[in-house]
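Enquirer: Can you keep this structure in mind? I'll have questions shortly.
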Amino acid sequence: QVQVVESGGGLVQPGGSLRLSCAASGFTFSSSYMSWYRQAPGKQRELVAAITRTGLTNYAGSVKGRFTISRDNGKNTVYLQMNRLKPEDTAVYFCEAVIGTTDYWGQGTQVTVSS
């Protein structure tokens, strides 16, 4: 069955970096559209970054220039490199896989940016 598993979250100081990973299985990863979303307490889930099967990327304005999404089709994994982190980046980060018209979500990984 389809599985999407995030990892790499944690506590980091403002200005620091983290790299999130999303390992996928159960489908043809190279054909999927992959995204990272985040949800802060009391707020709606929002798109952070997305990458097409051909490697085209899209970013939320709040993270553009600081975050980089990438994918390794050989490892069935999508990454989110987060640099110059800010307290407002604190959230649970979710990975989404879109296959055709169906989307699959992971359980999320907590990112906390605090001194």
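The values are calculated or read from the model by the stated rules, or taken from the named source; none is laboratory data. Source: prediction; values computed, not measured. Here Cβ is always computed from backbone atoms with ideal geometry, including for glycine, and neighbour counts include all displayed protein chains. Just the protein is used for accessible areas: all its heavy atoms, side chains included, with ligands, DNA and RNA removed. Shrake-Rupley method; radii C 1.70, N 1.55, O 1.52, S 1.80 Å.
Enquirer: Of ASP103, ASP72, which has the most accessible area with a 1.4 Å probe, and how do the rest follow in descending order? Walk me through the numbers before you get to the answer.
Expert: On the way: ASP103 70, ASP72 50 Å².
In descending accessible area the options line up as ASP103, ASP72.
Enquirer: Tell me the accessible surface of ARG19 in square angstrom (1.4 angstrom probe, heavy atoms of protein chains only), to the nearest ten.
Expert: 130 Å²
Enquirer: Something else now. Determine the distance separating the Cα centre of the range 38-59 from the Cα centre of the range 63-112; give it in Å without decimals.
Expert: If you average the Cα positions of each part, the centres end up 7 Å apart.
Enquirer: If each of SER70 and LEU56 carries a label point 7 Å out from its Cα toward its Cβ, how far apart are those two points in nm?
Expert: 2.1 nm
Enquirer: Right, something else. Counting residues in the range 15-62 as N, plug N into 2.2 N^0.38 Å and put the Cα Rg over that result. Intermediate results must be reported in sequence, preceding the final value.
Expert: Values: Rg = 12.8 Å, N = 48, 2.2 N^0.38 = 9.6 Å.
Taking the Cα Rg and dividing by 2.2 N^0.38 Å, one obtains 1.34.
Enquirer: Could you derive backbone 3J(HN,Hα) for the range 48-54 from the dihedral phi with the Karplus parameters 6.51, -1.76 and 1.60 (θ = phi - 60°), listing whole Hz in sequence and x where the residue is Gly or Pro?
Expert: Listing the rounded values in order: 9, 7, 9, 9, 7, 5, 9 Hz.
Enquirer: Report the local net charge at ARG45: Lys and Arg +1, Asp and Glu -1, summed over other residues whose C-beta lies under 13 Å from its C-beta. Before the final figure, lay out the partial values.
Expert: Values: positive: ARG38, LYS43; negative: GLU46, GLU96, ASP103.
Once all neighbours under 13 Å are counted, the net charge is -1.
Enquirer: To the nearest 0.05, what FRET efficiency results for SER25 and ARG84 with a Förster distance of 22 Å applied to their C-beta separation?
Expert: Working: r = 32 Å, r/R0 = 1.45.
Efficiency at R0 = 22 Å is approximately 0.10.
Enquirer: Could you provide, to the nearest whole Å², the per residue accessible area of the chain with probe 1.4 Å?
Expert: Values: 6070 Å² over 115 residues.
It amounts to 53 Å² per residue over the chain.
Enquirer: Still on this structure, please answer the following. Testing the spin-label approximation: label points 7 Å from Cα along Cα→Cβ at SER7 and GLN44. State their distance in nm.
Expert: 3.3 nm
Enquirer: In percent, how large is the relative contact order of the chain, given Cα pairs closer than 8 Å and 6 or more residues apart?
Expert: Values: 279 pairs, mean separation 42.0, N = 115.
It rounds to 37 percent for the chain.
Enquirer: For GLY108, what residues show an amide H to amide H distance below 5 Å, using hydrogens built from the backbone and excluding near sequence neighbours?
Expert: GLU6, CYS95
Enquirer: Now a separate question. Hey, in the GNM for the chain with a 10 angstrom Cα cutoff, which one of THR52, THR77, THR28 fluctuates hardest?
Expert: Taking springs between Cα atoms under 10 Å, the residue moving most is THR28.
Enquirer: Here is a further query. If I build a Gaussian network model for the chain, linking alpha-carbon pairs within less than 10 angstrom, which residue out of THR102, THR68, THR54 has the largest mean-square fluctuation?
Expert: Residue with maximal mean-square fluctuation among THR102, THR68, THR54: THR102.
Enquirer: Which one, TYR93, TYR33, TYR104, has the greatest fluctuation when you compute a Gaussian network model over the chain with C-alpha springs under 10 angstrom?
Expert: TYR104
Enquirer: Something else: Computing the accessible area with a 1.4 Å probe over protein heavy atoms, can you report the carbon and sulfur percentage for the chain? Spell out each step's value before the answer.
Expert: Details: 2800 of 6070 Å².
Reported share for carbon and sulfur atoms: 46 percent.
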